[in-house]
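What follows is one structure encoded as structure tokens, with my remarks underneath.
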Amino acid sequence: MLRREIGDVLRDARQRQGRTLREVSSAARVSLGYLSEVERGQKEASSELLNSICEALDVPMSLVLREVSDRVAVAEGLLIPDTVPADLAASVGGSADNGWQRGRAELAPIG
């Protein structure tokens, strides 16, 4: 499941930019075939390769990993709370008590 989600997030980012596999594989210095397999969830990207792909896409790896984490949590049936900082929530009229401060250990099952 993790390989598939990583691949889906990378492919979505590439397609949103209107870029081809060839363009990204060249910029990331990885073979087109291997990048294609990573995007399809058939190969697992090392941390170095993932970093290279993220740099080629000009997308922070932390955002890719966060999106992957959120997708995995949803697949596991967990509700993903907002992660708006309490001070920001308070400055726009929210309260720190509305679930924005929950950590990953406090994710609530859906249903």
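The values are calculated or read from the model by the stated rules, or taken from the named source; none is laboratory data. Quick caveat: nothing in here was measured; it's all calculated off a predicted structure. Glycine gets a Cβ as well: all are built from the backbone with ideal geometry, and neighbour counts include every protein chain shown. Accessible surface areas use protein heavy atoms only, side chains included; no ligands, DNA or RNA. Shrake-Rupley method; radii C 1.70, N 1.55, O 1.52, S 1.80 Å.
Counting only helices (runs of 4 or more DSSP H) wholly contained in the range 2-47, the ones carrying 3 or more residues that are out of contact with any Asp or Glu (no Cβ under 6 Å at 6 or more places or on another chain) and basic (Lys, Arg) occupy 2-16.
Residue-wise test of (1) under 13 Å from the mean Cα position of the chain (by Cα); (2) at pLDDT below 95.
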{"site": "ARG22", "(1), (2)": "no, no"}
{"site": "SER26", "(1), (2)": "no, no"}
{"site": "ALA45", "(1), (2)": "no, yes"}
{"site": "ASP70", "(1), (2)": "yes, yes"}
{"site": "ALA75", "(1), (2)": "no, yes"}
{"site": "ASP82", "(1), (2)": "no, yes"}
{"site": "VAL92", "(1), (2)": "no, yes"}
{"site": "ASN98", "(1), (2)": "no, yes"}
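When the range 7-38 is filtered for residues that are more than 21 Å from ARG71 (Cβ to Cβ) and either open to solvent by less than 30 Å² (accessible area, probe 1.4 Å) or among the basic types (Lys, Arg) (or both), the ones remaining, listed by number, are ARG19, ARG22, SER25, ALA28, ARG29, VAL30. Within the range 39-52, the residues that satisfy the criterion of being over 11 Å from ILE6 (Cα atoms) and surrounded by 12 or more Cβ atoms within 10 Å (Cβ to Cβ) are LEU49, ASN51, SER52. When the range 21-56 is filtered for residues that are in contact with a Lys or Arg (Cβ under 8 Å, 6 or more places away or on another chain) and among the hydroxyl-bearing types (Ser, Thr, Tyr), the ones remaining, listed by number, are TYR34, SER52.
Residue count for the range 50-67 satisfying the condition of being farther than 23 Å from LEU32 by Cβ and either touching a strand residue (DSSP E or B) at 6+ places or on another chain (Cβ under 8 Å) or not in a loop (DSSP other than H, G, I, E, B) (or both): 5.
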